[in-house]
Amino acid sequence: MKPYHDLLRRVLDEGVEQHDRTGVGTLATFGGQMRFDLADGFPVVTTKKLHLRSIIVELLWFLRGDTNVRWLQERKVSIWDEWADDKGDLGPVYGKQWRDWVTADGRHIDQIKQLIELIKKDPASRRQLVSAWNPGDLPQMALAPCHCLFQTSVLNGRLNLQLYQRSCDMFLGVPFNIASYALLLMMLAQQCDLEPGVFVWTGGDVHIYSNHIEQVKLQLTREPYPLPTMQIKRRPASIDQYEYEDFELVGYQAHPHIKGAVAV
Ligand SMILES: Nc1nc(=O)c2c([nH]1)NC[C@@H]1CN(c3ccc(C(=O)N[C@@H](CCC(=O)O)C(=O)O)cc3)CN21
Ligand SMILES: O=c1ccn([C@H]2C[C@H](O)[C@@H](COP(=O)(O)O)O2)c(=O)[nH]1
């Protein structure tokens, strides 16, 4: 996870103080990139223990097309609670845009299904994109999408994926986002009979919240462990049929968890 530590260090060293929407305040830089070759192991932070169950359940929730937190809460995942209304709704966030984007002329587009069909039919296509950024729907969303666009590419029988994340909470959100998209890449590759390749993470406003600075400094004193491997124990018939029990992270060695408050 050297790219992650290097970027944390860069934000600490070069970040400028910024007053942000939440009122907490950040150290911010603009533009950053990290590359993780899945052949080198599964990219999960080892300098603090990550709660991988929340990450897997959240990804399955996106893929269900779900935008209500009840399904997450039934599985003891509370990371979206602060943004939900009293019915548990978040508005047309990721799940809606990925699985049921509604066009101006009333068509319903399943971007994930179309992506898989396109990768299989035309692996050389340079149009393998999924967007959660739907300007018409933004006012109804509880939070504008942070991981807003991703593209895949097939080279030498390997599926690569690049994410564009417009706003990046380096201490809390980004470790979740890296692991989540690495897992999505593995699932897409499995469904398309390809090997997982490189995950490229590209960030816009890359920041550390002022109440995470001490945690980040502690984290950077720790020596990373070798990366674990992620095993998908069966090949479900479609992207809709993965379950939490299908995933096993093997050999995850990590330093103790470090707590940090989420800025709402
Ligand atoms: N400020 C902010 N940062 C984010 O990362 C973020 C948001 N807001 N809003 C929407 C989602 C929700 N996400 C979250 C929210 C909370 C945690 C969090 O508290 N993580 C704890 C463990 C919590 C758990 O697994 O139950 C951690 O220590 O990583 C992580 C991502 C990512 N997003
Ligand atoms: O997956 C996610 C979701 C959210 N974040 C962070 C990035 C920002 O700190 C906030 C969003 O605030 P905006 O004012 O809408 O930019 O949440 C993340 O890192 N990853």
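Structure notes:
- Relative frequency of Cα-Cα separations exceeding 17 Å in the stretch 1-121, percent: 73 percent
- Here the Karplus relation 6.51 cos²θ - 1.76 cosθ + 1.60, evaluated at θ = phi - 60°, turns the backbone of the stretch 247-264 into coupling constants of 10, 9, 8, 9, x, 7, 10, 9, 5, x, 4, 10, 7, x, 7, 7, 7, 9 Hz, with x for every Gly and Pro.
- With 10 Å bins beginning at zero, the pair-distance distribution over Cα atoms of the chain amounts to 7, 29, 38, 22, 4, 0 %.
- Where the Cα pairs of the stretch 142-264 fall when distances are cut into 5 Å bins, in %: 2, 9, 16, 18, 20, 17, 11, 6, 1, 0
- Prolate/oblate/rounded call for the stretch 1-66, Cα gyration tensor, a/c under 1.5 rounded: oblate
- DSSP bridge pairs, the chain: antiparallel proportion in percent, nearest 5: 75 percent
- 19 Å Cα-Cα reach of K121 towards lysines, excluding residues that sit fewer than 8 places from it in its own chain: K113
- In a simple Cβ point-charge model (Lys, Arg +1; Asp, Glu -1; nothing else charged), the chain has a dipole of about 460 debye relative to its Cα centre.
- Annotation: the residues R21, R75, sorted from fewest to most other C-beta atoms within 10 Å of their own C-beta, follow the order R21, R75.
- Lysine pairs with alpha-carbon atoms under 28 Å apart, the stretch 41-103, spacing 8 or more or separate chains: 5
- Values of log10 I(q)/I(0), in the order q = 0.12 Å⁻¹, for the stretch 54-168 under a Debye, Cα-only, solvent-free model: -0.47
- Calculated SAXS-style log₁₀ I(q)/I(0) at q = 0.23 Å⁻¹ - the stretch 98-150, Debye, Cα scatterers: -0.95
Any read-out appearing in this document is the output of simple, stated calculations on the displayed coordinates, not a laboratory observation. Just so you know, these numbers come straight off a predicted model, no measurement behind them. Every residue, glycine as well, gets a Cβ built from its backbone with ideal geometry; the counts of neighbours run over all protein chains shown.
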